[in-house]
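S.K.: A single structure is presented below for examination.
Just so it is clear, none of the values below were taken in a lab; they were calculated from the coordinates. No experiment lies behind these values; they were computed from the predicted model shown. So basically every Cβ, Gly included, is an ideal-geometry build from the backbone, and we count neighbours across all protein chains shown.
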Amino acid sequence: MADMDTERAAARRDLAVRAAVEQGLVGGADGSEPLVCLLDVAGIRASAAALTGAFAAALPPGTPVLHAFAVKAAPLVPVLALLADAGLGCEVASPGELALARAAGVAPEHTVLDSPAKTPAELREALALGIAVNADNPQELERLDALVASAPTRSPIGVRINPQTGAGTIGALSTATATSKFGTALRDPGAREWLVRAYLDRPWLTRLHVHSGSQGVPPALAAEGVRELHALAEEINAAAGRRQVDTLDIGGGLPVNFGSDAETPTYAQYVAALREAVPALFSGAYGLVTEFGRSLLAKHGLVLSRVEYTKVTGGRPIALTHAGVQLATRTVYAPAAWPLRILPYDAKGAPLTGAPVAQDIAGPACFAGDLLASARELPLLSPGDLIAVPDTGAYAFTAHYGYNSLPRPAVHGFTVTASGEVRFAMARPAQSLTEIAAEAGGGFTRALL
């Protein structure tokens, strides 16, 4: 079944590329539409169903579960609304992300606020709305003491812990190291005792939070952090003599396979890793919250760019395109950690064939490192051909990087009917040059004179 789903997704992608050319979303010799970004709506729904289904199959009926999408992975209001329609909430980490969730119509009770640097104003707003809050540190908890005492709130409140279970292969994304900036370090001297006492002194603390997964962290290692979370909840409840902690927020961070169309690891495999590490998590004794982001969206995004020029430098063919650091920032700055595939198409949107030739795929930014791929073996590209960059639905074109004031490209969702017709719906318009100038202080031209 998984192989069939992968083949269907690849077939939808090929249809979407051809349709994007035919419907004028990309291509054209006049240069008017050199770049577009696409989201596979059916693929996003399938990932949401796989997530909810994997946990539902493992939990007793009626166990409260909130799957809160990590908004930072794809901060687009239509995406959040689509996921809400599929039964997901939102995990937000800034006032802007909360504004996006609210604009998408996500209910406060389906929203979780996480951030290591929440201001009093952010906390006050969340508590007034009834949004769940995870405190990062003792000082934040002291702020919450005053806010909770000053006004009643419906917000579930918890504390984030750092289980200090170790790093994955990408240090910058590893949140459970000995010195991570996130949460209260569980293994530091006196920390565990302080946490238990903090809960006993605050009957309104009813949740515990951990986020030990990320790209580069295998599910088994992430599950170790969840095991530590569950053990701490049991300890707190035993000390309290009652079920004070009733919900465990186990975070997200399921890795994504960027090497092929296969979606691995799966949510079912992650649940299996959790069941092996902490089987009591699935007893129904605790409600659960998850915070997945990349694994829900990455495989369903596609950057599509026209090849503007080609040349040979030092014997190396180079294809100059409009897709670069502004859309795949992590890949450009850390290519070994974030490699992306390049799929070649001809000017009409048909898969390009031919003998593979090692060539660079370069972006439009004015620095030498703006490369999506180096010495990549592909059929030799020519001006007017197209490159498609899959697996970019999260932390890529959805979070534009404004280098060289390159405009944000349009984003379209697409669906494919039973008859093979591709229908596009705009999720974000292309940014105009007037908007770029306004964003850069264009209304304050003489302010510094």
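S.K.: Counting other beta carbons within 10 Å of each Cβ, put K72, K311, K299, K348 in order, fewest first.
M.R.: K311, K348, K72, K299
S.K.: For the residues S155, S283, S212, what sequence is obtained by ranking on other C-beta atoms within 10 Å, fewest first?
M.R.: S283, S155, S212
S.K.: What value, in deg cm²/dmol to 500, does the helix sum -39500 (n - 2.57) over DSSP H runs of n ≥ 4 give at 222 nm once divided by the residues of the chain?
M.R.: -9500 deg cm²/dmol
S.K.: Using alpha carbon centroids, what distance separates the range 1-25 and the range 336-370, in Å?
M.R.: Taking the Cα centre of each part, the range 1-25 and the range 336-370 sit 18 Å apart.
S.K.: To continue, here is another question. Per residue of the range 236-248, in order, report the coupling 6.51 cos²θ - 1.76 cosθ + 1.60 (Karplus, θ = phi - 60°) as ³J(HN,Hα) in whole Hz, putting x for Gly and Pro.
M.R.: Result, ordered by residue: 4, 5, 5, 5, 7, x, 7, 8, 6, 7, 10, 9, 10 Hz.
S.K.: Most mobile of A57, A42, A73 per a Gaussian network model of the chain (Cα springs, under 10 Å)?
M.R.: The residue with the greatest mean-square fluctuation here is A57.
S.K.: Something else: Using a Gaussian network for the chain with springs between C-alpha atoms less than 10 Å apart, which of these wobbles most: S260, S432, S214?
M.R.: The residue that fluctuates most here is S432.
S.K.: Give, as a single signed number, the net charge of other residues whose beta carbon lies under 14 Å from the beta carbon of L378, with Lys and Arg counted +1 and Asp and Glu -1.
M.R.: Numbers: positive: R316, R341, R376; negative: D346, D360, E377, D385.
The answer is -1.
S.K.: Taking only Cα atoms and a 10 Å spring cutoff, compute GNM fluctuations for the chain and point out the largest among G251, G87, G363.
M.R.: Most flexible of the set in this elastic network: G87.
S.K.: For the chain, please report how many Lys pairs fall under 27 Å Cα to Cα, leaving out neighbours fewer than 8 apart on the same chain.
M.R.: 6
S.K.: Still on this structure, I have one more. Which residues' amide hydrogens lie under 5 Å from the amide hydrogen of V112, considering only partners 5 or more residues apart or on another chain, with H built in the peptide plane?
M.R.: Residues meeting the amide H criterion: C90, E91, V92.
S.K.: Still on this structure, I have one more. Using the Karplus equation 6.51 cos²θ - 1.76 cosθ + 1.60 (θ = phi - 60°), what ³J(HN,Hα) coupling, rounded to whole Hz, does each residue of the range 139-152 give in order, writing x for Gly and Pro?
M.R.: Running phi through 6.51 cos²θ - 1.76 cosθ + 1.60 with θ = phi - 60° gives 5, 5, 5, 5, 4, 5, 3, 5, 5, 5, 5, 7, 7, x Hz.
S.K.: What are the residues whose amide H is under 5 Å from the amide H of H67, where those residues sit 5 or more places off or on another chain and H is modelled from the backbone?
M.R.: G89, T290
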